[in-house]
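Enquirer: Have a look at this one.
The values are calculated or read from the model by the stated rules, or taken from the named source; none is laboratory data. Since the structure is predicted, the reported quantities are computational estimates derived from the model, not experimental observations. FYI the Cβ positions are ideal-geometry reconstructions off the backbone, even for glycines, and counts take in every protein chain you see. Quick note on the areas: whole protein, heavy atoms, side chains included, nothing else; ligands and nucleic acids left out. Shrake-Rupley method; radii C 1.70, N 1.55, O 1.52, S 1.80 Å.
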Amino acid sequence: MRPLAWKYTGTKELASQSLAGLQPDSLSLPPGTQLSSKELAKLSQPLKGALATSLGKLGKGREFVDGMRVTDAETMKIVEMVLGGAVNKEIVALINQHGGRAIGVTGKDDGLIRARKLNGPAGKKDLGFVGEVAAVRPEVIRHLEDGGFIPVIAPIGIDDEGQSYNINAD
């Protein structure tokens, strides 16, 4: 099996997607493979299951508004724990086991993803700590890539006041 190679193809696209749900057989990509945002979205589908399972185990109900998960403060902590922790590190381990050199980060690391609160549909419930990408610091990713690492980015952003936001809120 060949090592996985990753080419960074766009700041906002990559920041708003994630490499979750990778299975060992899906890592046998030719060196230099570039994944589109559509392909990344397909790979990220199992991530939603990991979060839903964890929320259920912790007794946290699921609430959605127009397909977006309402993310209160408690849910945000779980999002960070699951997506920024367990899932991110599992992906990193899979890539590393297959010859890659991956490092897991969240958008909070060194201010990689600056987020702003996403306002939900007018007249509907507030989405809480659901955000959208306001800016990305591509130099963080380039620095990792220049060192030969594959950045695995969890979809968690941060605003100027230090508030975390769930970027991919389902």
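Enquirer: Output the number of residues of the range 64-79 satisfying the condition of being without any contact (Cβ under 8 Å) to a residue 60 or more places away in the chain and open to solvent by 50 Å² or more (accessible area, probe 1.4 Å). Spell out how you get there, then give the answer.
Expert: First, the residues of the range 64-79 that are without any contact (Cβ under 8 Å) to a residue 60 or more places away in the chain: 66, 72-74, 77-78.
Right, trim to open to solvent by 50 Å² or more (accessible area, probe 1.4 Å) and you get 66, 72-74, 77.
Total meeting the criteria: 5.
Enquirer: Tally time: how many residues in the range 159-170 are surrounded by fewer than 22 Cβ atoms within 10 Å (Cβ to Cβ) and either in contact with a His (Cβ under 6 Å, 6 or more places away or on another chain) or not acidic (Asp, Glu) (or both)? First the steps, then the outcome.
Expert: Restricting attention to the range 159-170, the residues satisfying the condition of being surrounded by fewer than 22 Cβ atoms within 10 Å (Cβ to Cβ) are 159-163, 170.
Remaining after also requiring either in contact with a His (Cβ under 6 Å, 6 or more places away or on another chain) or not acidic (Asp, Glu) (or both): 162-163.
Count: 2.
Residue by residue, here is whether (1) exposed (fewer than 15 other Cβ atoms within 10 Å of the Cβ); (2) at pLDDT 85 or above; (3) among the basic types (Lys, Arg); (4) not in a helix (DSSP H, G or I) holds:
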{"position": "ARG62", "(1), (2), (3), (4)": "yes, no, yes, yes"}
{"position": "MET81", "(1), (2), (3), (4)": "yes, yes, no, no"}
{"position": "VAL87", "(1), (2), (3), (4)": "no, yes, no, no"}
{"position": "ILE91", "(1), (2), (3), (4)": "no, no, no, no"}
{"position": "GLY120", "(1), (2), (3), (4)": "no, no, no, yes"}
{"position": "GLY123", "(1), (2), (3), (4)": "yes, no, no, yes"}
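Enquirer: Same structure, new question: Being open to solvent by 20 Å² or more (accessible area, probe 1.4 Å) and assigned to a loop (DSSP other than H, G, I, E, B) is the filter; apply it to the range 125-158 and report the residue that is nearest to ARG101 (Cα to Cα).
Expert: Filtering first and then ranking leaves PHE149.
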